[in-house]
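Chemist: Following this message is one structure expressed as structure tokens.
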Amino acid sequence: MKLLFKSFCCAVIISCVLSMTGFCSACESIEDKVFRLHIIANSDSEEDQALKLKVRDEITEYTDELFKDCNNKQESMQKAKDNIDKIKAKAQEVVDRNGFDQKVDAYVTNMSFDTRVYDDFTLPAGKYDALRIVIGEGEGHNWWCVLYPAVCVPSAEKEIGSALNESETEIVTDSDKYVVKFKIVELWEELFCQ
């Protein structure tokens, strides 16, 4: 009886691992197609958090125009790299105009994100390419969205569906179905992908 129970437990564990392998693969596929925006406030003070949102508004308006003709993540990333000085200057203008003495840094990087919910979308945890804007010390809460496909703009649902295949779109739009799996992906990333 003990052997039968052990065999059953092994079968369940193997089944779970194999099921997660496919899901993790689909999540990695999403990582390969998504370019994110990540803005970090100087601190968690009310003033710094309000400033972060003003920077957000200016940058999303600018990047919406900048990336409008981009057909994939790579084109968006290249546009961001080619215009990084302008992006940084736009953010710095907002900071200066609002009377703050904080320096802004901007760069394109690959970084880890936890599972994130954005309106009708949920993106699984993973390592994503991102345009990162750090205001001052960068010790406050952050704000994020997806630059490609454009989830920072009102046409987000249409855009996400055109950039991802059907199963990837289901993963990001049907968050109730995948919340537990997203948490498992976060654990997997922490254990094996750091």
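Chemist: Would you please state which residues of the range 134-148 a label at Gln49 would reach in this model, taking the label point 7 Å out along Cα→Cβ and a backbone N cut-off of under 20 Å?
Modeler: What the label zone holds, given the 20 Å backbone N cut-off, is 134-145.
Chemist: Follow-up. On a full-extension model of 0.36 nm per residue, what is the gain between Asp32 and Glu139, subtracting their alpha-carbon distance, rounded to one decimal in nm? It would help to have the intermediate numbers written out before the result.
Modeler: Values: separation 107, 0.36 × 107 = 38.52 nm, distance 2.79 nm.
Roughly 35.7 nm would be gained on extension.
Chemist: How charged is the neighbourhood of Lys88? Take every other residue with its Cβ under 14 Å from the Cβ of Lys88, and add Lys/Arg as +1 and Asp/Glu as -1. Working shown, then result.
Modeler: Details: positive: Lys81, Lys86, Lys90, Lys103, Arg132; negative: Glu58, Asp82, Asp85, Glu93, Asp96, Asp105.
Net of charged neighbours comes to -1.
Chemist: If you don't mind, there's one more thing I want to ask. In the structure shown, do any of Lys52/Lys86; Lys73/Lys127; Lys33/Lys79; Lys86/Lys127; Lys52/Lys90 have a Cα-Cα gap over 21 Å, and if so which?
Modeler: Working: Lys52/Lys86 18 Å; Lys73/Lys127 14 Å; Lys33/Lys79 15 Å; Lys86/Lys127 25 Å; Lys52/Lys90 13 Å.
With Cα atoms farther than 21 Å apart: Lys86/Lys127.
Chemist: May I pose another question? What share of all Cα pairs of the range 60-102, in percent, falls into each consecutive 5 Å distance bin?
Modeler: 5, 22, 26, 18, 13, 9, 6, 1
Chemist: Give me the distance in nm between label points sitting 7 Å out from Cα along the Cα-to-Cβ direction at Gln74 and Asn98, one decimal.
Modeler: Modelled inter-label distance: 3.7 nm.
A short reminder: the numbers here are calculations on the coordinates, not readings from a lab. Just so you know, these numbers come straight off a predicted model, no measurement behind them. Note that each Cβ is placed from the backbone with ideal geometry, even for glycine, and that neighbours are counted across all protein chains shown.
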